[in-house]
Amino acid sequence: MKWFGLAATGWLLGGCLIPQDAPYLSELPMQRNRPPRIVEKHVNPSQRIIRGFGSEQCELEFSVIVEDPDISNRLIAYWFVDYDPSQPRGEDHLDRIEPNKVGDNPARDERATFQVNFGSADFNRLNLPGDHVVEVVVTDTSLVDREPEGRPIPLFDGGTTIDPGYSATYTWFVRTEAGGNCP
């Protein structure tokens, strides 16, 4: 009886209980989109509050370095000055950040940049005296009402799913003061 119990246990544990002819996973699942991020230690200017634009400083350059684990994604940086959600409008400046040409580093070689020159002929809200907010929104898709747009992905069974788009933001506060040495 002892040998019979041992043989029955070996027979039950020796085989797979799930039938092997059913295709449960015929292909590897598609890699889902992952969010980009702004590398905060490489943000320029490094201080979030900037005083004296128009009196002490005549030019400002805002720039960020972005990382995206999806190294083949093209990123878009939308720059906004004094954005008001109750009065939606387009971006003040737009940068396209292409994937790196060489290597698999998630940090992009090129920076997203926004330059402002006080008193220039180009209209810029930062040239008006007062307090301003400069914001960059970096996304791996396009923005619709400042929200990243998802992409439909076809599934193997004929259905679709939405692969979400992601964004990262960074904000500076600028005080513009008129009456300085800027032209």
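The values are calculated or read from the model by the stated rules, or taken from the named source; none is laboratory data. Since this is a predicted model, take the numbers as computed values, not measurements. Please note: Cβ atoms are built from the backbone with ideal geometry, for glycine as well, and neighbour counts cover all protein chains shown. For the accessible areas, the whole protein counts, side chains as well, though only heavy atoms, and no ligand, DNA or RNA atoms are used. Shrake-Rupley method; radii C 1.70, N 1.55, O 1.52, S 1.80 Å.
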Check: C-alpha center region 113-138 vs C-alpha center region 143-165, spacing in Å is 34
Expressed in square angstrom to the nearest 10, the accessible area of ARG48 with a 1.4 Å probe stands at 90
Low-density loop trypsin sites (Lys or Arg not before Pro), region 96-183, at most 11 other Cβ within 10 Å, DSSP non-H/G/I/E/B, are LYS101
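Can you list, largest first and rounded to whole Å, the semi-axes you get for region 73-183 by taking the square root of 5 times each eigenvalue of its Cα gyration tensor?
Largest first, region 73-183 gives 35, 18, 10 Å.
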With DSSP loop assignment and no more than 13 other C-beta atoms within 10 Å, the chymotrypsin sites (Phe, Trp or Tyr not before Pro) in region 114-183 are PHE123, PHE156
Treating only Lys and Arg (+1) and Asp and Glu (-1) as charged, each at its beta carbon, one finds that region 26-183 has a dipole about its Cα centre, in Debye to the nearest 20, of 220
